[in-house]
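A short write-up of the structure that comes next.
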Amino acid sequence: MGSKIYVGGLPYSATEQELSDLFGRHGSVASARIITDKFTGQSRGFGFVEMSSDAEAQAAVAALNGAEMGGRTLTVNEARPQEPRTGGGGFGGGGGRGGAGGGKRDRY
């Protein structure tokens, strides 16, 4: 098991300090990060905690998976590596209207 932990079901009001304190009861926390929406800055309800050792990470997962925080049930498990993102998004190629310089002169 790696020392990076996924934490889901976080209250939207939770702070990174609260997350760090919660996991700090089970070992040394190297980092705690809550993921936020890039447009609004609001919490997305999940985050990641990195513990100093695998043993501490395992202890934290065992103790906190299914625990409650701010009235919500936490999902705590080993973080999986991020999947490579496929292109997607944006607009497909071409498909424009009219030919070169298709301005108003071609309409009537």
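Please name all residue pairs, on different chains or six or more residues apart, with Cβ atoms under 8 Å, provided the first residue is in the stretch 49-65 and is within 17 Å of R33 (Cα to Cα) and the second residue is open to solvent by 50 Å² or more (accessible area, probe 1.4 Å) and of a type in the set (A, V, I, L, M, F, W, C).
E50/A30; M51/A30; S52/A30; A57/M1; V61/M1
Please state which one of M51, M1 is modelled with pLDDT under 95 and either open to solvent by less than 40 Å² (accessible area, probe 1.4 Å) or in contact with a helix residue (DSSP H, G or I) (Cβ under 6 Å, 6 or more places away or on another chain) (or both).
Every option except M1 fails the conditions.
Among the candidates K4, K38, which residue alone is within 20 Å of Q82 (Cβ to Cβ), of a type in the set (K, R) and touching a residue at least 24 places away in the same chain (Cβ under 8 Å)?
None of the others qualify; the one that does is K4.
Residue by residue, here is whether (1) touching a strand residue (DSSP E or B) at 6+ places or on another chain (Cβ under 9 Å); (2) more than 17 Å from G66 (Cα to Cα); (3) of a type outside the set (S, T, N, Q); (4) part of a helix (DSSP H, G or I) holds:
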position	(1), (2), (3), (4)
P11	yes, no, yes, no
S20	yes, yes, no, yes
F23	yes, no, yes, yes
H26	yes, no, yes, no
S31	yes, yes, no, no
I34	yes, yes, yes, no
F39	no, yes, yes, no
R44	yes, yes, yes, no
V49	yes, no, yes, no
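How many residues are within 14 Å of L74 (Cβ to Cβ), over 14 Å from the mean Cα position of the chain (by Cα) and open to solvent by less than 50 Å² (accessible area, probe 1.4 Å) if we restrict to the stretch 20-44?
Result for the stretch 20-44: 2.
The values are calculated or read from the model by the stated rules, or taken from the named source; none is laboratory data. What you see is a predicted model; the values in this text were computed from it and never measured. Cβ: placed from backbone, ideal geometry, glycine included. Neighbour counts: every protein chain shown. Quick note on the areas: whole protein, heavy atoms, side chains included, nothing else; ligands and nucleic acids left out. Shrake-Rupley method; radii C 1.70, N 1.55, O 1.52, S 1.80 Å.
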